[in-house]
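A quick write-up on the structure given underneath.
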Ligand SMILES: [Zn+2]
């Protein structure tokens, strides 16, 4: 079953792709928000720690690099 992320090394993109449904990215400058699928990124970034990957993200609306990036967890409603 799914466990919370362990302390220590940050999870890689591949690890998160098994648990989360997508990548939730929200721009802190224009508040444009998208949920991206993992599939477009795994080929290149599967072994990259998520915090490093998050730093690569850019807002598709205003090109700001101030983007809050977090895994989008499955909803359990
Ligand atoms: Zn933006």
**OP:** Exactly one condition in (1) part of a loop (DSSP other than H, G, I, E, B); (2) within 16 Å of the ligand (Cβ to nearest atom) is not met by residue 77; state its number.
**Re:** (2)
Original post:
Since residue 36 meets every condition but one in (1) at pLDDT 95 or above; (2) more than 16 Å from the ligand (Cβ to nearest atom), which condition does it not meet?
Top reply: (2)
Original post:
Within segment 1-26, which residues are more than 22 Å from residue 75 (Cβ to Cβ) and touching a residue at least 40 places away in the same chain (Cβ under 8 Å)?
Top reply: 9, 10
Subject >> Count of segment 29-77 residues which are out of contact with any strand residue (DSSP E or B) (no Cβ under 6 Å at 6 or more places or on another chain), in contact (Cβ under 8 Å) with a residue 12 or more places away in the chain and farther than 22 Å from residue 18 by Cα >> reply: 7
**OP:** Sort out which residues of segment 59-74 are within 15 Å of the ligand (Cβ to nearest atom) and under 12 Å from the mean Cα position of the chain (by Cα), and write them in order of number.
**Re:** 67, 68, 69
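Could you list, in sequence order, the residues of segment 33-45 that are part of a loop (DSSP other than H, G, I, E, B) and exposed (fewer than 15 other Cβ atoms within 10 Å of the Cβ)?
37
Only one of 54, 25, 17 is within 16 Å of the ligand (Cβ to nearest atom), in a helix (DSSP H, G or I) and surrounded by 14 or more Cβ atoms within 10 Å (Cβ to Cβ); which?
The unique qualifying residue is 54.
The values are calculated or read from the model by the stated rules, or taken from the named source; none is laboratory data. The structure displayed is predicted, hence computed values, not measured ones. Quick reminder, even Gly has a Cβ in these numbers, built from the backbone with ideal geometry, and neighbours come from all protein chains shown.
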